[in-house]
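We did not get these values from a lab; they are worked out from the coordinates using the rules stated. No experiment lies behind these values; they were computed from the predicted model shown. Counting neighbours? That spans all protein chains shown, and the Cβs are built from the backbone with ideal geometry, glycine included.
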Amino acid sequence: MGGTIAGLAASAADSRDYVAAQLLVSDLLAGLTTQASCVLLSEQVAQIDSKDMDLAVWQKLLQRCVHWLAQADVQGLVITHGTDTLEETAFLLQTLLAPRKPVVLTCAMRPANAADADGPRNLRDAVVVAATAGAQGVLAVCAGRVLGAQDVQKVHSSRLDAFSSGEAGDIGRVHQGRVDRQRDWPAPNASQTALLDALLAAPALPRVEILLSHAAACGATVDALADPAVAARHGAPPVRGLVLAGTGGGTVHHELVAALRRAQAAGVRVLRSTRCADGFLQPRPGDEFPVAAGLSPVKARLALMLELLC
Ligand code: ASP
């Protein structure tokens, strides 16, 4: 898919100055040494900096995953991907494909030609995980860790070990070519064929925006977002959903509450998550704004967009 793992720096000594998505996946595999006994086939699905991920790329990726997962002799998939939106792709794939085979996203924090590039190890580890008997579900592999699609979140802007599974904990670790598993593999949820078909056929995703609750918040922001006339003036579709990244346990600044009520009354779906990196929100009886249980704001947004698609 591209990303920093396929990126090139102007100088091997300065890995901060680089362009993502330059090398082909075949180039990455050419340098790979793996203990896993498997045959590797590769396909270049996209070549992007994942900060620019969009529906068309996701649709192509989903189609190719469906294709490869259906081959009886395919044990698992490895997807090289940028770190920036890896958690969104992971969540989407797990929700729509719920695979009984492993689909392993891997990445790098340093470009491929950096003196201390981390991509080769991550790719090697990802192949180990994909080749592990019994492995299933959508996973992320980075810095020796195996994280589940539901939990994985990028929590550091530059560290090689950039991801967290939060309170759920990692699925396991890759150590000397073996997986030491600490938790169950992600369970295949119910088949989402109708939703997958709807997404593959969709010309656009329903518009859902993320709003942060913070000190000195201003309700006019919500009114502007929820106003279809504002959207139309910008040639944008109307907002159909708002995900609120609330403070702490999902609390909302009082300045936003009245405006969110107005938005909800006008038919905009409002869903609450938390801006905290760790900890889960649980629904409570009488919640005025429903809670996206256990989902970060970006994953809650995807969940709401999928719900609004049908
Ligand atoms: N901007 C890059 C990307 O997400 C960052 C990375 O891969 O680490 O594609």
Please give the length that would be gained between residue 204 and residue 29 if that part of the chain were fully extended, namely 0.36 nm times their separation in residues minus their C-alpha to C-alpha distance (nm, one decimal).
59.6 nm
Once the Cβ-Cβ distance between residue 63 and residue 251 is put in as r, and R0 is 45 Å, what FRET efficiency do you end up with, to the nearest 0.05?
0.65
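Can you give the FRET efficiency for residue 264 and residue 191, using 1/(1 + (r/R0)^6), R0 = 35 Å, r = Cβ-Cβ distance, to the nearest 0.05?
0.65
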So how strong a dipole does the chain carry about its Cα centre when Lys and Arg Cβ are +1 and Asp and Glu Cβ are -1, to the nearest 20 debye?
380 debye
Using the 10 angstrom Cβ neighbour count as an exposure proxy, how do 253, 175, 234 rank, fewest first?
234, 175, 253
Around residue 255 (Cβ within 14 Å, Cβ-to-Cβ, excluding residue 255; K/R +1, D/E -1) the net charge comes to +1
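Under 9 Å from the Cβ of residue 9, count the other residues' Cβ atoms, weight Lys and Arg +1, Asp and Glu -1, and hand me the total. Numbers along the way, then the final one.
Working: positive: 16, 110; negative: 14, 17.
Local net charge: 0.
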What length, rounded to one decimal in nm, is gained on full extension from residue 183 through to residue 43, with 0.36 nm per residue of separation minus their alpha-carbon distance?
47.3 nm
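Roughly how big is region 174-300's charge dipole about its Cα centre, with Cβ charges of +1 (Lys, Arg) and -1 (Asp, Glu), in debye to the nearest 20?
Values: 13 positive and 10 negative charges, 22 e Å.
Here the size comes out at about 100 debye.
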Determine by what factor the alpha-carbon radius of gyration of region 29-131 differs from 2.2 N^0.38 Å, reporting the quotient.
1.06
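At 37 °C and a viscosity of 0.692 mPa s, what translational diffusion coefficient does Stokes-Einstein give for the chain, taking Rh as the Kirkwood radius over Cα pairs? Give it in µm²/s as a whole number. Please list the in-between numbers first.
Working: Rh = 20.4 Å.
It comes out at roughly 161 µm²/s.
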What is the distance, in nm, between label points placed 7 Å from the Cα along the Cα-to-Cβ direction at residue 155 and at residue 287?
2.2 nm
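Assuming R0 = 30 Å, can you tell me the calculated FRET efficiency for the pair residue 275 and residue 100, based on Cβ-Cβ distance, to the nearest 0.05?
Values: r = 35 Å, r/R0 = 1.16.
Result of the calculation: an efficiency of 0.30.
Quick one: 164, 11, 296, fewest Cβ neighbours within 10 Å first, how do they rank?
Working: 164 20, 11 11, 296 25.
Sorted ascending by nearby Cβ count, the order is 11, 164, 296.
Could you list 101, 51 in order of exposure, starting from the residue whose Cβ has the fewest other Cβ atoms within 10 Å? Before the final figure, lay out the partial values.
Details: 101 20, 51 11.
Lowest count first: 51, 101.
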